[in-house]
Amino acid sequence: MRDAAGTTAADAATVLGVARTKITLIEQGTYSVTPERVAALARKYGEPDSDYVEALAAMAGDRTKGWWEEYRGAVPPGFLDICEMEFHATGQQSYQICHPPGPMQTERYSRAIFRDAQVPLSPRVVETRVENRLRRSETLMAEGAAPYTAIVHEAALRMQFGGREVAREQLDWMLELSHRPHVTLRVVSFESGGFKGSGQAIIYMNGPVPRLDSVQYDTIDGPTFLHSTDHLQKYRGLIEQMTDRALSVDGTRDLISKIKKEL
């Protein structure tokens, strides 16, 4: 916002009556700022989007510690960032190629995935990560939760982490979740001819206003987050393309039931 206004950090500092270095720390997210100061800076910058400013001010005023704080130091920081963003999202779309979405995984399926990590994890670490994932599921799959849409490739449904029994249980659970009012599950079948993008797992999270949407995608080094206008537009387009290519909700359930019988 400051860059768009062509305002220096020193000029912004005079608005708040603080040292210029504090403006830098505020912008880096390492120094807290009050809702009133957010509004004051927005006025200084001439920001015309009042909904955006109000949303930012509301974020600045929220000091609530979420359930994920219980896991700080026990799971990677990126896991906590995902939990926090999902908790505050007004809706989200998940795009998965190789795994069922994390919040839709059963306990045994999640455990099998973590046990098969590239870097071997101790049994204690595995159980902590499984517990954290189940807490995410409880939050996102609960009655009255924000809309949740999962676009899943057929390849993910045919993976057998933990063996056939665990895989069948996983498919049963996804079928059950697909009937919850706020959950939409659609599958991209092999017959669709392929998939768009590079095959990364993606979560597109809706903020209180579109400018505060975020994208998270998986890498071998952990989750990466994007929020620039260009990135958001690109990933919205990717999810729309895969949605167009996916089976209907009923067709998805039929295919999952068919795959289950073949296991």
Anything in the range 116-140 that is touching a Pro at 6+ places or on another chain (Cβ under 6 Å) and of a type outside the set (S, T, N, Q)? List them, or say none.
ARG136, LEU140
Could you give every pair whose Cβ atoms fall below 9 Å, whose first residue belongs to the range 1-19 and is at negative phi and without any contact (Cβ under 8 Å) to a residue 12 or more places away in the chain, and whose second residue is part of a loop (DSSP other than H, G, I, E, B) and of a type outside the set (Asp, Glu), counting only separations of at least 6 or pairs across chains?
ALA13/ALA19
Please go through the range 193-231 and give me each residue that is on the phi > 0 side of the Ramachandran plot and under 14 Å from the mean Cα position of the chain (by Cα), ordered by number.
GLY222
Condition test on ILE97, is it touching a His at 6+ places or on another chain (Cβ under 6 Å) and surrounded by 17 or more Cβ atoms within 10 Å (Cβ to Cβ)?
yes
Could you please let me know if ASP213 is acidic (Asp, Glu) and surrounded by fewer than 17 Cβ atoms within 10 Å (Cβ to Cβ)?
no
From (1) more than 18 Å from VAL183 (Cβ to Cβ); (2) surrounded by fewer than 20 Cβ atoms within 10 Å (Cβ to Cβ); (3) touching a residue at least 60 places away in the same chain (Cβ under 8 Å), pick out the condition that doesn't hold for ASN132.
(2)
Do we have GLU36 as at pLDDT below 95 and either outside any loop (DSSP other than H, G, I, E, B) or under 24 Å from ASP81 (Cβ atoms) (or both) here?
no
Members of the range 62-107 found to be among the small types (Gly, Ala, Ser), part of a loop (DSSP other than H, G, I, E, B) and out of contact with any Cys (no Cβ under 8 Å at 6 or more places or on another chain), listed by number:
GLY73, ALA74, ALA89
For residues in the range 7-37 being surrounded by 13 or more Cβ atoms within 10 Å (Cβ to Cβ) and acidic (Asp, Glu), which is farthest from ALA58 (Cα to Cα)?
ASP11
Need the failing condition index for GLU54 against (1) farther than 16 Å from VAL209 by Cα; (2) surrounded by 14 or more Cβ atoms within 10 Å (Cβ to Cβ); (3) free of Cβ contacts under 8 Å to residues at least 24 places away in the same chain, just the number.
(1)
Could you check the range 194-240 and list, in sequence order, the residues that are of a type in the set (Gly, Ala, Ser), touching a residue at least 24 places away in the same chain (Cβ under 8 Å) and either assigned to a loop (DSSP other than H, G, I, E, B) or within 16 Å of GLN96 (Cα to Cα) (or both)?
GLY197, GLY199, ALA201, GLY207, GLY222
Among the residues of the range 173-196, is any crowded, with 16+ Cβ neighbours inside 10 Å, closer than 23 Å to GLN92 by Cβ, modelled with pLDDT under 95 and of a type outside the set (S, T, N, Q)?
yes
Of all residues in the range 88-120 being of a type in the set (A, V, I, L, M, F, W, C) and at pLDDT 95 or above, which is nearest to GLN170 (Cα to Cα)?
MET104
Can you confirm whether PRO147 is under 14 Å from the mean Cα position of the chain (by Cα), surrounded by fewer than 18 Cβ atoms within 10 Å (Cβ to Cβ) and assigned by TED's automatic domain parsing to the domain that holds ASP116?
yes
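The values are calculated or read from the model by the stated rules, or taken from the named source; none is laboratory data. Since this is a predicted model, take the numbers as computed values, not measurements. Reconstructed Cβ throughout: ideal geometry from the backbone, glycine too, with neighbour counts over all protein chains shown.
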